[in-house]
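Only one structure is covered here, and it is reproduced in the block below.
Just so it is clear, none of the values below were taken in a lab; they were calculated from the coordinates. The structure displayed is predicted, hence computed values, not measured ones. Cβ: placed from backbone, ideal geometry, glycine included. Neighbour counts: every protein chain shown.
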Amino acid sequence: MFTKIRVKADNKGFTLLEILLVVAIIAILAGIVIVAINPAKQLGDARNAQRRADVATILSAVYQYVIDQNGTIPTSIPSYSSAYVSASSTCAQVRAVSADEICKSNGTSCSGYTDLNSALVTGTVGYVTSSPTDPSATSTGSGTGYYIAKLTANANRILVCAPLTENIAAGTNVDGPIGVSR
């Protein structure tokens, strides 16, 4: 009378468990890749590279000026004797006085900042087109985020620093290792 008809199950799709497992594996792998790449560190390193280039540019411009002026250092660079800074000066010592910060050259008031604009930017030669600005410096003030000082205790050496350095390892100079003197 009645015959049994067998219906063959057709498994052509994925189960919910299989889909969730694949999504979880992809999420774990993506997390590992993001941690390995570390975009915040990469951006900080890029800004540090810009700081190194800016510090070298400022110091080169000062020394080009000195050569053209027969050894005369720009008078706007603050001088410090051994009573203020040691021969092995750090950016922290120079940054202690806010007047050491280099002024921007965009026509803003340089009152309270080291004004190198008349010597390096707007002079007849123009050693730089404008004062470099630290990539992390705020744009509200007249400062560039870079500091400069003439160390008279050390044969009138010029020290230029970038104290806003990023990605500093624990136990190192927490005020920024980017500084150049000649």
Would you kindly state how much longer the chain becomes between Ser79 and Ile25 on full extension, computed as 0.36 nm times their sequence separation minus their alpha carbon distance, in nm to one decimal?
13.3 nm
Read phi for every residue in region 33-43 and hand back ³J(HN,Hα) as whole Hz from Karplus 6.51 cos²θ - 1.76 cosθ + 1.60, θ = phi - 60°, with x for Gly and Pro.
5, 5, 5, 5, 6, 6, x, 5, 5, 4, 5
Checking rank on 36-47, 58-69, with mean other Cβ inside 10 Å and highest first, the result is 58-69, 36-47
Near Lys4, which aspartates and glutamates are there with a Cα under 19 Å away, not counting those fewer than 8 places off in the same chain?
none
Under the rule a/c < 1.5 gives rounded, and otherwise a/b versus b/c splits prolate from oblate, where does region 1-73 land using the Cα gyration tensor?
prolate
